[in-house]
Structure formats: C-alpha cells, structure tokens
Amino acid sequence: MIFRSWLLMVLGFIGPALIWSPAGWAGMKAGVASIVITPDCDMWLAGYGDRDHPSQGKIHDLYAKAIALEDDAGARLVLITTDLINLWADFTDQAARRIQSETQLPRAAVLFNSSHTHCGPVLPDRLQGIHMAPEDQWNLSRRYAEELLEKIIQVVHQALSRLEPAQFHYGQGQAGFAKNRRQYTLEGIINGENPIGPVDHDVPVLKVTGNNGQVKAVVFGYACHNTTLNIDQYCGDYAGFAQLYVEKQIPGSTALFWAGCGADCNPLPRRKLELAVQYGKELGQAVIQSMSGRMKPVEGPLQAAFSLIDLPLEPAPTVNELQAQLLQTVSPMIQRCLRLILEEYRRKGSLPETYPYPVQVWRVGNEILVIALGGEVVVDYALRLKYEFGRGRTWVMGYSNDVMAYIPSLRILREGGYEGTSAMVEYGFPSSWRPEIEDRIVNEVHRLTDSMKSP
Ligand SMILES: [Zn+2]
C-alpha cells in the first residue's frame with residue numbers, strides 16, 4: 001500500500017496538569033470563535049439534484065466555528081466545524097497550508113468537519129454533476145468558496161488568539177431520531193426506513209469551562225444525515241437548531257456540532273420545518289442533560305496524526321462503455337454526471353484507480369480518541385471502531401477533511417443500493433470501491449493510534 005503520511009506526534013509531560021506559576025497558567029487552555037458564513041446573496045442550494053432555482057432568504061445563519069485546545073506543553077489542536085454540505089480536498093489542503101504557514105500548526109493538528117446541511121450553498125466540490133445550476137451560479141459558488149477560505153482562516157486565528165486557561169469534561173447523551181434508511185424490498189434496497197437497521201444514537205459531548213466557571217464551549221456530535229429539510233432557504237437543519245438550542249440554554253457559550261457516521265441514517269419522519277426544530281431540541285437536550293449528569297475530567301497531552309491512504313476503486317469502464325451508459329440512462333442528473341466523467345477521461349487520458357483518502361486521529365489525554373474519516377461514512381464504521389477502541393471515549397466523525405463519495409462498509413458494498421454502489425456516479429466515479437476499503441481504513445486508524453504514546 002502506498003501512502004503519504006504527515007505524522008505529528010506532540011507529547012506533553014505526564015504529571016500534574018493544572019499548575020500555577022508566576023508566569024500564569026500551566027494547564028490546559030482553550031479558545032473559541034465563530035463567524036457567519038451565510039452567503040451575502042441568494043445562491044443555488046446544495047444536496048439535492050432536483051432543485052430548480054436559487055435560495056430565497058434564510059431561516060437562520062450558517063456558521064464556521066473553531067475551537068483551539070492547548071496542553072501544558074504547548075501542543076495545540078484546532079477543530080473547525082461548518083454548517084455546510086461538505087468541504088473538499090482542494091479546499092481543505094489550501095486552508096491547512098495557509099494555517100500552517102501563518103500559525104505553525106501542522107496538518108494533523110487541524111480538523112475540518114461539516115454538518116452536511118442540505119440547505120447551504122452549492123460548492124465547487126465533486127457533487128457538481130448532480131445540480132442543474134446555470135453557469136452564473138457556479139461563478140457565485142467559486143466566489144463563495146474564495147470568501148469562505150478567508151473566513152475560515154480568520155476564525156482559526158481568532159480562536160488561537162483567545163486561548164486562555166480552561167477545564168475540559170466529557171460525557172455522553174443519547175438522541176433517538178436517527179433511523180436507518182436502507183429499506184430492503186423485493187425490488188431492492190430503497191431510501192426508506194429500516195427499523196431494525198443499525199444506528200448510532202450516542203451524543204458525545206465535550207464541555208469547556210473557563211477559570212471563572214463559565215462554560216465557554218460545548219462540542220458535540222451525532223450520526224444522522226442532516227436532511228430533515230428540502231427547502232429553498234439557508235438553514236443549518238437539525239444540527240443548526242441544536243447549536244442554537246445549546247447556546248440559548250448556556251448564554252455566552254459557543255456550541256460546535258460535528259457530523260458522525262450517519263450516511264445510511266435519516267432523521268425520520270422529515271420534510272417539515274417544525275421537525276428540524278424538534279430534532280434540534282432533542283439533540284440539544286441530550287447535550288444539556290449529559291452536562292448536568294456525571295462528566296469526566298480530561299487533560300492533556302494532545303496528540304494528532306493524519307494520513308492519506310490510497311483507497312482502491314474497481315476498474316473504470318472504457319470510454320465506449322461510458323458512452324453506451326450515457327445513451328441508455330434516462331435521468332438528466334445521471335447524464336450530467338456521466339458527461340463530467342467523460343470530460344475527465346478525455347482531459348486526463350484515463351480515470352484514477354485509487355483515491356487519496358484522509359484518515360485523522362486525535363488523542364486527548366488518555367481519555368478521548370477522535371477518529372475523523374473523510375466521505376459520507378456509513379454507521380457500521382462507528383459501531384466497529386467504538387467496539388475496537390472503547391465506546392464512550394471514542395468519537396467517530398464522518399464528513400471530515402474531504403467528502404469524495406459514500407464510504408460503505410464491506411457489508412453495504414456487497415449489498416449494493418445507494419450508499420453501497422449507485423451513489424458513486426453522482427460523486428464522479430464510474431465504478432465502485434473495492435471490497436478491501438473497510439479493512440484499509442480501519443487498519444490505518446489502528447496504525448495511527450498505535451503510533452501515539454500512551455500518556
Ligand atoms: Zn449525504
């Protein structure tokens with residue numbers, strides 16, 4: 001296996017983590033910041049291929065938020081969350097390079113996650129083929145991406161500039177609105193509801209408190225497609241409402257949501273604004289309840305590792321086979337996707353056999369293990385990784401650093417259906433992943449985790 005690896009190992013000192021010194025605090029520090037990223041005009045909205053007009057105003061603002069953590073040895077991590085459909089490799093590469101040159105934070109120490117709201121602006125990512133947006137809308141989208149980059153750099157600087165002594169506690173709540181959506185019928189697997197399908201209802205929570213006892217930040221996640229709504233207004237969907245709920249319950253705090261491995265789960269029932277508000281409240285209440293119960297303190301050291309592994313694809317069809325598919329397909333959306341693939345074929349002379357897939361691991365003390373995976377990751381990964389690394393202390397994020405396609409488990413790849421195989425073409429891949437991808441990803445998580453020292 002060929003892999004490029006940027007590996008950061010930052011190890012703090014074992015010992016009393018909270019030490020006062022004449023120079024000030026020698027323990028953990030945190031800084032948090034947020035910035036509005038709602039577009040300044042109406043734009044085509046992301047996520048659904050059947051949209052036929054730009055947005056019309058907003059329900060509430062979209063945000064990019066950053067939380068910086070620092071241990072007593074000076075090692076730093078920055079988590080960036082965004083109310084957007086996703087971020088993509090070119091964008092996060094560029095942002096991470098800027099952050100590294102301006103703050104000396106290495107790639108492994110910066111983690112990008114998106115809430116996967118389908119009521120944010122369309123982005124110049126791998127999903128362009130699904131949209132029927134006209135060219136002027138793509139110009140707006142590219143301009144938006146340039147402005148977004150500047151805002152993300154700004155919010156990271158702000159979070160770092162606000163680093164001050166803080167205490168960290170973690171806990172876990174539960175929220176039950178995520179339902180497995182892979183419904184097995186005589187006609188095959190459809191996007192419906194499967195009451196006995198796997199789900200991950202855990203709500204991991206990190207509470208960050210300042211020296212004055214004030215909660216500065218609350219970081220939480222959930223594994224469910226952020227798709228209650230298919231409306232034409234900017235909105236963070238249930239994840240946006242959950243963050244607003246937590247911030248209202250704890251005045252002065254910043255709530256940061258990260259999306260877990262819920263690619264094959266939907267908030268059901270859905271499609272009503274009041275349901276998005278209700279799910280946001282359910283998730284927010286799970287967060288607040290876990291904070292009023294027993295939470296465990298967590299300290300440094302902070303460690304981080306990041307790598308790109310070559311995830312193998314099945315052999316691509318030939319140009320003739322792709323052209324035949326184009327003639328046979330009746331869906332204008334799939335036709336658009338196939339034309340983009342044919343263009344790529346002609347431009348490059350071939351199609352890729354692998355994709356550089358990001359795997360990132362953070363360790364906070366001996367307690368929290370953050371595993372951040374790229375793509376739309378199905379719930380099987382969260383369940384397997386929590387089983388292998390310990391539930392309650394293992395956070396498994398999807399939609400992190402790059403979203404290039406769905407990431408099926410071996411089970412789902414073999415079963416097929418949307419998340420297994422048929423969504424690949426929407427992301428610009430004319431063939432499926434190869435069966436070994438689940439073990440490749442999980443093995444890489446183990447390799448990165450093994451490379452870290454036990455505090
Ligand atoms: Zn999705």
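Odds and ends about this structure:
- S161 contributes an accessible area of around 90 Å² to the protein surface, as traced by a 1.4 Å probe with all chains present.
- Average projected area [Cα convex hull, segment 106-166], square nanometres: 6.0
- By accessible area with a 1.4 Å probe, ligands and nucleic acids excluded, highest first: order of E247, E438, E388, E376: E388, E247, E438, E376
- For segment 145-155, 3J(HN,Hα) computed residue by residue from phi via the Karplus equation (6.51, -1.76, 1.60; θ = phi - 60°) reads 4, 5, 5, 4, 4, 5, 5, 5, 4, 4, 5 Hz, glycine and proline entered as x.
- Summary value for the chain: 19 percent relative contact order, contacts being C-alpha pairs under 8 angstrom separated by 6+ residues.
- Helix-only CD estimate at 222 nm, as mean residue ellipticity for the chain, using -39500 (n - 2.57) per DSSP H run (n ≥ 4): -9500 deg cm²/dmol
- Residues with amide H under 5 Å from that of Y63, placed H, sequence gap 5 or more: I37, D83
- The listed residues D40, D202 rank as D40, D202 when sorted by accessible area, largest first, using a 1.4 Å probe.
- Working note: Karplus 6.51/-1.76/1.60 with θ = phi - 60° gives segment 268-273 the couplings 10, x, 8, 6, 10, 4 Hz, where Gly and Pro are set to x.
- With both residues required to sit in the chain, DSSP beta bridges show an antiparallel share near 80%.
- Taking all protein chains together and a 1.4 Å probe, the residues S331, S431 rank S331, S431 from largest to smallest accessible area.
- Partners for K216 among lysines (Cα-Cα distance below 30 Å; same-chain residues under 8 apart left out): K29, K58, K65, K151, K207, K248, K281, K296, K386, K453
- Exposure of T92 as accessible area (Å², to 10), given a probe of 1.4 Å and all protein chains: 0
- Prolate/oblate/rounded call for the chain, Cα gyration tensor, a/c under 1.5 rounded: prolate
- Rough spin-label spacing in nm, given labels placed 7 Å along Cα→Cβ, for Q249 and T318: 6.0
- Under the simplified labelling scheme, the N230-L327 pair shows an inter-label distance of 3.2 nm, with each label point 7 Å from Cα along Cα→Cβ.
- Cα centroid separation, segment 386-439 to segment 279-358: 8 Å.
The values are calculated or read from the model by the stated rules, or taken from the named source; none is laboratory data. Given the structure is predicted, the values throughout are model-derived calculations rather than measurements. Positions of Cβ are generated from backbone atoms using ideal geometry, with glycine treated the same way; all protein chains shown enter the neighbour counts. Protein only, heavy atoms only, side chains kept; ligands, DNA and RNA dropped before computing areas. Shrake-Rupley method; radii C 1.70, N 1.55, O 1.52, S 1.80 Å.
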